[in-house]
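Written below as structure tokens is the structure these notes are about.
The values are calculated or read from the model by the stated rules, or taken from the named source; none is laboratory data. Just so we're clear, the structure is a prediction, and the values are computed from it rather than from any experiment. Cβ coordinates were reconstructed from backbone atoms using ideal geometry, including for glycine residues, and neighbour counts include every protein chain displayed. The area values use the complete protein model at the heavy-atom level, side chains included, leaving out ligands, DNA and RNA. Shrake-Rupley method; radii C 1.70, N 1.55, O 1.52, S 1.80 Å.
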Amino acid sequence: MPRTKLIAANWKMYKTPDHTRAFFRDFLPQVSGHTRDEIVVCPPYLDLTAALDAAKGSNVAIGAQNVHWKDEGAFTGEISAPMLLTLNVTHAIVGHSERRQYFGETDDTVNLRLKAALEAGLTPICCVGEVLEEREAGLTDDVLRRQCVRAFHAISAKKAARLVVAYEPVWAIGTGKTATPELAAEAHAVIRKEATEIFGEEFASNLRILYGGSVKPENASALMAQEEIDGALVGGASLDPKSFAAIVKY
Ligand code: PEP
């Protein structure tokens, strides 16, 4: 069975609720009736309600950009899976490199967040990827394997059923530098092999691995043509409804 591609927008810290409503007014008519791929938009927490209201009844699901591992507690600035579920949020990005780079996120906290998201029934998009120095030192495969082993620690294949992984080479995020489709596919194969070892062959053959890193309307179709690439996580180019719709329809 071919894997259904998932095209996800990561808005990072952009847009207000008004901007969110305007985005969906423009975006939804451009993708209505598009059933080939799953479409997810992950706005800032502040915009979740506006996004959910705007996307209600459409073919676009709404995700959060992170999720905490506890249901509630004294964790200032965090949001839990049950809180997201009360709004009808279905997806959550976990372990984005900007979280790892600027907010002290580690392989261990990624594992905790991933477990909580899966346990709650959210679809986590778990990000892995090497920094430039690691690629230049020939360490990419080791880094990807380590990040997968640590992120998936103590999670069963049954629990992980909804898991989605995003390969996001850090040197390609927001830089305009995209991994070539072949280079991305090689990294995806490393991740899929690791998933085979951890979760088994059947699981790994169904696992969706997205590519993220300067995906644009101009490079989307070449990337999506790779059998190993099961969709995209799109930052900058997802902020504009026309450009994100063009990526969805690559
Ligand atoms: C991202 O934020 O996940 C991302 C891939 O960003 P960009 O598309 O801007 O490189």
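Kindly list the number of the only condition in (1) touching a residue at least 24 places away in the same chain (Cβ under 8 Å); (2) surrounded by fewer than 16 Cβ atoms within 10 Å (Cβ to Cβ) that fails for Ser205.
In the conditions (1) touching a residue at least 24 places away in the same chain (Cβ under 8 Å); (2) surrounded by fewer than 16 Cβ atoms within 10 Å (Cβ to Cβ), Ser205 misses (1) alone.
If we keep just the residues of the range 162-179 that are open to solvent by 40 Å² or more (accessible area, probe 1.4 Å) and within 15 Å of the ligand (Cβ to nearest atom), which is modelled with the highest pLDDT?
Filtering the range 162-179 for residues that are open to solvent by 40 Å² or more (accessible area, probe 1.4 Å) and within 15 Å of the ligand (Cβ to nearest atom), the one modelled with the highest pLDDT comes out as Thr175.
Return yes or no: is Leu6 over 26 Å from Trp171 (Cβ atoms) and surrounded by 13 or more Cβ atoms within 10 Å (Cβ to Cβ)?
It is false that Leu6 is over 26 Å from Trp171 (Cβ atoms) and surrounded by 13 or more Cβ atoms within 10 Å (Cβ to Cβ).
Would you point out the residue of the range 86-100, among those that are assigned to a helix (DSSP H, G or I) and over 12 Å from the mean Cα position of the chain (by Cα), that is farthest from the ligand (Cβ to nearest atom)?
The selected residue is Thr86.
Condition first: part of a loop (DSSP other than H, G, I, E, B) and open to solvent by less than 10 Å² (accessible area, probe 1.4 Å). Can you find one or more residues in the range 149-161 that meet it?
Yes; the residues of the range 149-161 include at least one that is part of a loop (DSSP other than H, G, I, E, B) and open to solvent by less than 10 Å² (accessible area, probe 1.4 Å).
Going through the range 119-143 one residue at a time, which ones are in contact (Cβ under 8 Å) with a residue 24 or more places away in the chain, away from the ligand (no atom under 16 Å from the Cβ) and part of a helix (DSSP H, G or I)?
Across the range 119-143, the qualifying residues are Glu119, Ala120, Thr140, Asp141.
In the range 103-148, what count of residues is obtained for those that are β-branched (Val, Ile, Thr) and surrounded by fewer than 23 Cβ atoms within 10 Å (Cβ to Cβ)?
Residues flagged as β-branched (Val, Ile, Thr) and surrounded by fewer than 23 Cβ atoms within 10 Å (Cβ to Cβ) within the range 103-148 amount to 6.
With respect to Ile198, is the statement that it is surrounded by fewer than 20 Cβ atoms within 10 Å (Cβ to Cβ), in contact (Cβ under 8 Å) with a residue 24 or more places away in the chain and β-branched (Val, Ile, Thr) true?
Spelling it out, Ile198 is indeed surrounded by fewer than 20 Cβ atoms within 10 Å (Cβ to Cβ), in contact (Cβ under 8 Å) with a residue 24 or more places away in the chain and β-branched (Val, Ile, Thr).
For residues that are open to solvent by 50 Å² or more (accessible area, probe 1.4 Å) and more than 20 Å from the chain's Cα centre (by Cα), tally how many sit in the range 50-68.
Final tally of qualifying residues: 3.
Residues Arg21, Arg3: which one is away from the ligand (no atom under 16 Å from the Cβ) and in contact with a strand residue (DSSP E or B) (Cβ under 9 Å, 6 or more places away or on another chain)?
Going through Arg21, Arg3 in turn, the sole match is Arg3.
Can you name the helices (runs of 4 or more DSSP H) wholly within the range 185-250 that have at least 3 residues being under 30 Å from Thr16 (Cα atoms) and within 16 Å of the ligand (Cβ to nearest atom)?
217-224, 241-248
Which residue pairs have Cβ atoms under 7 Å apart, sit 6 or more places apart or on different chains, and have a first residue in the range 13-39 that is among the charged types (D, E, K, R) and a second that is part of a helix (DSSP H, G or I)?
From the range 13-39, the pairs are Lys15/Phe23; Lys15/Asp47; Arg21/Ala50; Arg21/Ala54; Asp26/Pro241; Asp37/Val248.
Every residue, every condition in (1) part of a loop (DSSP other than H, G, I, E, B); (2) among the acidic types (Asp, Glu); (3) open to solvent by 60 Å² or more (accessible area, probe 1.4 Å), yes or no:
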residue	(1), (2), (3)
Phe24	no, no, no
Gly33	yes, no, yes
Val40	no, no, no
Asp47	no, yes, no
